[in-house]
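Q: Take this structure first; my questions come after.
The values are calculated or read from the model by the stated rules, or taken from the named source; none is laboratory data. Since the structure is predicted, the reported quantities are computational estimates derived from the model, not experimental observations. Cβ sites come from the backbone with ideal geometry, for glycine too, and all protein chains shown count toward neighbours.
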Amino acid sequence: MKHFDDFSRPLEYISPLDKHFRAVLRKYIEQEVMPYRRKYDEDWKEHKLIEPAFDKLMGELGLQKSLFPQKYGGWGLASSDYIFRMAYMLCEELGRADTGMAVALAVTFWPLLVILVEPYVNERLLDEFAPMFCTSKKAVFAANAMTEPQGGSDIENMGLLKGRTIHTTARLDGDEWVINGHKLWPTNSGGVSKLFGVPCTTRPGSTDINDFAFIYVPADAKGVTQGGPYEKAGMAADKNGDIWFDNVRVPSWYRAHGPGRDAEAFYQLISFGQVASVAFMTGAMANLYERLYEFVSTRTFGNRPLKENDAVAGIIGRIAGDIDICRILGHEAAMMGDRRNKPYGLPLISEEVVGKIRNIKDFVSDRAVENFGKAMDILGCYGADREWDIEKHWRDVKIVQLWMGGKQLCQMESARYFFNCETI
Amino acid sequence: MGIDELFIVPGRSRDDESKSVATLVRQWADREIIAKRLEYHQGYPALFREKMKDLALSIGLQRMAVPADLGGFGWNTPERASDLLDVLIEAGRADASFGVLLAMNYALFSSAPVSGPSDGGSLIKVLSETFSSDELVMPAIVLPGPGHAGQTTALFKSRSILARVRSAGGDSFVHGSRLRPLAAGHDAGLFCIVCADGNDQPGLAFVAGDAGGIVRSGPIVTTGLNACTNAEITLDDVKIPSEHVIDSPGAVESLYSRLGLLLGGVSLGAGLNFFEILQNWCGSRVIKGSSLLKENPLCASVLADVAEELSLTNLLLHDLAGLMAQSQQSGPMDETALFTYAGMIGSRSQQAVMRAINRGLELMGSAGYAKEWHAEKHWRDVKTIQSLMCGVAAETPVKMDTARFFFSCSQV
């Protein structure tokens, strides 16, 4: 073992495009991200360094059009049977360099998946929105405006709450939806996005999934106000802020699919988000391995290289083992997603898929948080240094553990599936 | 209930002075730091220095450990370990950087050899004058740590000593390249450096920050303790008086022991303020549209973990302070035993506070990650202290120290 590529992944799961895309992406990352990433933290507000990197990745390299059908100039990945695995590869490679960049890119796809992935394709909305992403050489972002001030991640808890706690309302007035509400923390908010996917309710307090609506709102629509980006512990390449919708009017056909199907299509996003989260973390851990390998080979304890001390070897051996296991699990989670339309697969909205993928995300999150912390301790007095990159990943992966309902919602979804819990 | 009623320790007799100092620091922290954190968001380093002056000079914490007969409060004796711990918990509650600077200051004075007349009456006088100054003086301590592959160094319990001291013509000369202080290397007015002598024996060298031959690197960007900017230092045969070198057996162990206690207190203080933030959060946010977070059984179990980690750390650290007070008396508590216990408790304390914050952040979600709530700052600061105290190789050095003491291991 000499290279992070040697960490295990089930080879029969690898998509046919993996090798080519991974090579192109890695070359881009080595040239455009790695040399600058240590300065990203101070660039959190302006994105003077980060924006040009995104332009090259999403616009020039063309990743932002990758999901769209070829008739729009896209690459058609959303209709392939390996979208999860390709997304995993993309998020893992980017996560190795900077998980903030990885999440900003992945979340641009997130609201669009609601209308891109069979059986929930909306051609009219694709005609409307695809050109925005497929014709620009500049980065174009989208966001899922989910979290609300009063409920935190309740909105991701669709299995139990079915949208009951959503306060953002959508009222049909003639041939327009009128949207009112306040969202906070979406990735790619803070003034970045051109398009929002907005989960809202047509009847506040309802537990009928027919009252859940997923409506697209252009960021420049009248009545949309965005706050500036929050200052955070890490993830500088991912801007987050408040969004207010004040009597925002959009055409009635900007609703994704209609009663019932909106909730189903939206619920699919949970699994996409969890698989991407796992990929961010295994990518970051691949970089942990690279940096830790250098430290334990060049620095000593008892005048011997750290890696040659049995006690230290016990620690780094466990870290490597965790990375290996997490990567296998990550690919398993991606494959679970890609089996969704197969005779032997399950729909993404099934309790089994949601529960099992959440389990993997919870497990990998815990391992990532612990292993980055442990790696910092191995570096000792150098552990907190930006120069060694590990502290940056340590800061970044913590929010991956916390988002989308965090550890506790993962545990609840798992308990619901495995123990038939009905009230939690 | 407040943190005093919640985080209890076995009774001990505290004199009025120790109570009033801890109360004063608590009031200062609440009024000047905790209530104004959002205002401090901009230009924090400059404001930090200003507030540190309040704490160190106006309240007088800079000369707390200076012997009474040399103009200080006289809290340099082992009996005062608990009192210093209380002060550092309060300082850490405000900002770990305050606490780390004070902990390094107190560790120097509490180091037994500096108080002994035969070992350095002159040194204790210089230290006392330095820290009784009307100016803010930041100390910086350089401990042994990782060595470089291919180079053999003198060792302190397997940790590499990267600085050397030699004597010539009645003076001593300190040499070392790219040494890493625990903190504050960029602005330190006094360095305490663990050095090896010609026989590879460890000792402590005290070097004035303005001594000729010291070169400091630029500021090091780190994840936490950002207010006491660190830098690497290189000393090119820096001349110091010979009496500013302590080479008595146990001096380095003593320094480690004090740091284990005092930095444990700093992290615990940060953890207690995190507890207060979490208390506020869980008592005001709802889950599933109805119940308060703290009333949800799963969230409550996480909160219990947070409370358990912090309260047991509080007990352990006060136990350690009690052991230090005993160490002056005759009995089994020799310096090696104290070093071992301080290492174990210090390491466990840092890990426990870190676990508490990590778990608590799970309930705060994104808010815990936003600078606005300040929880993330405690998380970064404590992690930085924890990694620093590891020195190198995670908990391995402390485990080896422990195994040596309890099982007489001689090769590890």
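Q: Just one of (1) outside any helix (DSSP H, G or I); (2) among the hydroxyl-bearing types (Ser, Thr, Tyr); (3) closer than 28 Å to A:Asp41 by Cβ trips up A:Thr108, so point out which.
A: Every listed condition holds for A:Thr108 apart from (1).
Q: Give the residues of segment B:145-178 that are closer than 19 Å to A:Asp385 by Cβ, in a loop (DSSP other than H, G, I, E, B) and facing another protein chain (nearest Cβ under 10 Å), sorted by residue number. Working first, answer last.
A: Looking only at segment B:145-178, we keep the residues that are closer than 19 Å to A:Asp385 by Cβ, and these are B:145-149, B:159-160, B:162, B:176-178.
Pick out the ones that are also in a loop (DSSP other than H, G, I, E, B) and you get B:146, B:149, B:162.
Across segment B:145-178, the qualifying residues are B:Pro146, B:Ala149.
Q: Something else now. Would you say B:Leu263 is in a strand (DSSP E or B) and crowded, with 24+ Cβ neighbours inside 10 Å?
A: Values: in a strand (DSSP E or B): no; crowded, with 24+ Cβ neighbours inside 10 Å: yes.
For B:Leu263, the condition - in a strand (DSSP E or B) and crowded, with 24+ Cβ neighbours inside 10 Å - is not met.
Q: From (1) assigned to a helix (DSSP H, G or I); (2) hydrophobic (A, V, I, L, M, F, W, C); (3) more than 10 Å from chain B (Cβ to nearest Cβ), pick out the condition that doesn't hold for A:Met376.
A: Among (1) assigned to a helix (DSSP H, G or I); (2) hydrophobic (A, V, I, L, M, F, W, C); (3) more than 10 Å from chain B (Cβ to nearest Cβ), A:Met376 violates only (3).
Q: If you go through segment B:281-295 one residue at a time, do you hit one that is surrounded by fewer than 24 Cβ atoms within 10 Å (Cβ to Cβ) and among the aromatic types (Phe, Trp, Tyr)?
A: yes
Q: Out of A:Asp310, A:Asp338, A:Asp324, report the one residue that is of a type in the set (Asp, Glu) and closer than 12 Å to A:Val364 by Cα.
A: Details: A:Asp310 fails: closer than 12 Å to A:Val364 by Cα; A:Asp338 fails: closer than 12 Å to A:Val364 by Cα.
It is A:Asp324.
Q: Can you tell me which residue is surrounded by the fewest Cβ atoms within 10 Å (Cβ to Cβ) among those in segment B:211-225 that are within 14 Å of chain A (Cβ to nearest Cβ) and over 15 Å from the mean Cα position of the chain (by Cα)? Please lay out each step first, then the result.
A: First pass over segment B:211-225, keeping only residues within 14 Å of chain A (Cβ to nearest Cβ): B:217-225.
In the following step, the residues that additionally are over 15 Å from the mean Cα position of the chain (by Cα) were identified as B:217-223.
On the way: B:Ser217: 14, B:Gly218: 9, B:Pro219: 14, B:Ile220: 19, B:Val221: 18, B:Thr222: 23, B:Thr223: 24.
Looking at the filtered set, the residue picked out is B:Gly218.
Q: Related question: With the requirement that a residue be modelled with pLDDT under 95 and in contact with a strand residue (DSSP E or B) (Cβ under 9 Å, 6 or more places away or on another chain), what does segment A:158-182 give you? Write out each step before concluding.
A: First, pick out the residues of segment A:158-182 that are modelled with pLDDT under 95: A:158-167.
Within segment A:158-182, A:Met158, A:Lys162, A:Gly163, A:Arg164, A:Thr165, A:Ile166, A:His167 qualify.
Q: Same structure again: Collect the residues in segment A:36-90 that are over 19 Å from A:Thr187 (Cα atoms) and among the aromatic types (Phe, Trp, Tyr), keeping them in residue-number order.
A: A:Tyr36, A:Phe68, A:Tyr72, A:Trp75, A:Tyr82, A:Phe84
Q: Please determine whether any residue of segment A:348-366 is at the interface with chain B (Cβ under 8 Å from one of its Cβ atoms) and either in contact with a Cys (Cβ under 9 Å, 6 or more places away or on another chain) or part of a helix (DSSP H, G or I) (or both).
A: Filtering segment A:348-366 down to residues at the interface with chain B (Cβ under 8 Å from one of its Cβ atoms) leaves none.
Looking through segment A:348-366, none of the residues is at the interface with chain B (Cβ under 8 Å from one of its Cβ atoms) and either in contact with a Cys (Cβ under 9 Å, 6 or more places away or on another chain) or part of a helix (DSSP H, G or I) (or both).
Q: Right, something else. For B:Pro10, state whether it is farther than 19 Å from B:Ser133 by Cβ, of a type outside the set (Gly, Ala, Ser) and surrounded by fewer than 16 Cβ atoms within 10 Å (Cβ to Cβ). Step through it out loud before you land on a result.
A: On the way: farther than 19 Å from B:Ser133 by Cβ: yes; of a type outside the set (Gly, Ala, Ser): yes; surrounded by fewer than 16 Cβ atoms within 10 Å (Cβ to Cβ): yes.
Yes: the conditions hold for B:Pro10.
Q: Can I ask one more? If you go through segment A:262-273 one residue at a time, do you hit one that is touching a residue at least 12 places away in the same chain (Cβ under 8 Å), touching a strand residue (DSSP E or B) at 6+ places or on another chain (Cβ under 6 Å) and not aromatic (Phe, Trp, Tyr)?
A: Of the residues in segment A:262-273, the ones touching a residue at least 12 places away in the same chain (Cβ under 8 Å) are A:262-273.
Subsequent filtering for residues that are touching a strand residue (DSSP E or B) at 6+ places or on another chain (Cβ under 6 Å) retains A:262-263, A:266.
Next cut, not aromatic (Phe, Trp, Tyr) only: A:262-263.
Within segment A:262-273, one or more residues are touching a residue at least 12 places away in the same chain (Cβ under 8 Å), touching a strand residue (DSSP E or B) at 6+ places or on another chain (Cβ under 6 Å) and not aromatic (Phe, Trp, Tyr).
Q: Could you list all residues from segment B:358-389 that are without any contact (Cβ under 8 Å) to a residue 12 or more places away in the chain and within 17 Å of the chain's Cα centre (by Cα)?
A: B:Ser387
Q: May I ask you to list the residues in segment A:25-52 that are of a type in the set (A, V, I, L, M) and either over 22 Å from the mean Cα position of the chain (by Cα) or under 17 Å from A:Ala279 (Cβ atoms) (or both)?
A: Filtering segment A:25-52 down to residues of a type in the set (A, V, I, L, M) leaves A:25, A:29, A:33-34, A:49-50.
Selection gives A:Leu25, A:Ile29, A:Val33.
Q: Here's something else I'd like to know. Condition check: at the interface with another protein chain (Cβ under 8 Å from one of its Cβ atoms), free of Cβ contacts under 8 Å to residues at least 24 places away in the same chain, buried (at least 19 other Cβ atoms within 10 Å of the Cβ) and not aliphatic (A, V, I, L, M). Does A:Gly406 satisfy that? Working first, answer last.
A: Values: at the interface with another protein chain (Cβ under 8 Å from one of its Cβ atoms): yes; free of Cβ contacts under 8 Å to residues at least 24 places away in the same chain: no; buried (at least 19 other Cβ atoms within 10 Å of the Cβ): yes; not aliphatic (A, V, I, L, M): yes.
No, not satisfied.
Q: Output the number of the condition that B:Leu235 fails; it satisfies all remaining conditions of (1) at pLDDT 95 or above; (2) under 23 Å from the mean Cα position of the chain (by Cα).
A: Of everything listed in (1) at pLDDT 95 or above; (2) under 23 Å from the mean Cα position of the chain (by Cα), B:Leu235 misses just condition (2).
Q: Taking the residues in segment A:379-395 that are within 7 Å of chain B (Cβ to nearest Cβ) and of a type in the set (D, E, K, R) as candidates, determine which candidate is nearest to the chain's Cα centre (by Cα).
A: For segment A:379-395, the residue satisfying everything is A:Arg395.
Q: Further, regarding this structure: Does segment B:361-385 hold any residues that are within 24 Å of B:Leu179 (Cβ to Cβ) and within 7 Å of chain A (Cβ to nearest Cβ), and which are they?
A: B:Arg380, B:Lys383, B:Thr384
Q: Pick from B:Val245, B:Val286, B:Val238: which is within 14 Å of chain A (Cβ to nearest Cβ) and not aromatic (Phe, Trp, Tyr)? So that I can check it myself, show each step before the final result.
A: Working: B:Val245 fails: within 14 Å of chain A (Cβ to nearest Cβ); B:Val238 fails: within 14 Å of chain A (Cβ to nearest Cβ).
Exactly one of B:Val245, B:Val286, B:Val238 is within 14 Å of chain A (Cβ to nearest Cβ) and not aromatic (Phe, Trp, Tyr), namely B:Val286.
Q: Right, here's the next one. May I ask you to list the residues in segment A:168-180 that are surrounded by 18 or more Cβ atoms within 10 Å (Cβ to Cβ) and in a loop (DSSP other than H, G, I, E, B)? Steps first, answer last, please.
A: Step one: list which residues in segment A:168-180 are surrounded by 18 or more Cβ atoms within 10 Å (Cβ to Cβ), which gives A:168, A:170, A:177, A:179.
Residue satisfying the conditions is A:Thr168 alone.
Q: Kindly check whether there is at least one residue in segment A:181-193 that is away from chain B (no Cβ under 14 Å), of a type in the set (S, T, N, Q), part of a loop (DSSP other than H, G, I, E, B) and on the phi < 0 side of the Ramachandran plot.
A: Yes: one or more hits.
Q: If A:Pro259 meets every condition in (1) touching a helix residue (DSSP H, G or I) at 6+ places or on another chain (Cβ under 8 Å); (2) within 27 Å of A:His47 (Cα to Cα) apart from one, which number is that one?
A: The failed condition is (2).
Q: For segment B:15-105, please list each of the helices (runs of 4 or more DSSP H) lying entirely inside it that holds at least 3 residues being surrounded by 23 or more Cβ atoms within 10 Å (Cβ to Cβ).
A: Working: elements: B:16-28, B:44-53, B:81-94.
In segment B:15-105, the matching helices (runs of 4 or more DSSP H) lie at B:81-94.
Q: Can you find a residue that is part of a strand (DSSP E or B), touching a helix residue (DSSP H, G or I) at 6+ places or on another chain (Cβ under 6 Å) and among the aromatic types (Phe, Trp, Tyr) anywhere in segment A:214-230? Steps first, please.
A: So in segment A:214-230, the residues part of a strand (DSSP E or B) come out as A:214-218, A:224-226.
Now drop any that are not touching a helix residue (DSSP H, G or I) at 6+ places or on another chain (Cβ under 6 Å), which leaves A:214-216.
From what's left, among the aromatic types (Phe, Trp, Tyr): A:214, A:216.
Yes, because at least one residue in segment A:214-230 is part of a strand (DSSP E or B), touching a helix residue (DSSP H, G or I) at 6+ places or on another chain (Cβ under 6 Å) and among the aromatic types (Phe, Trp, Tyr).
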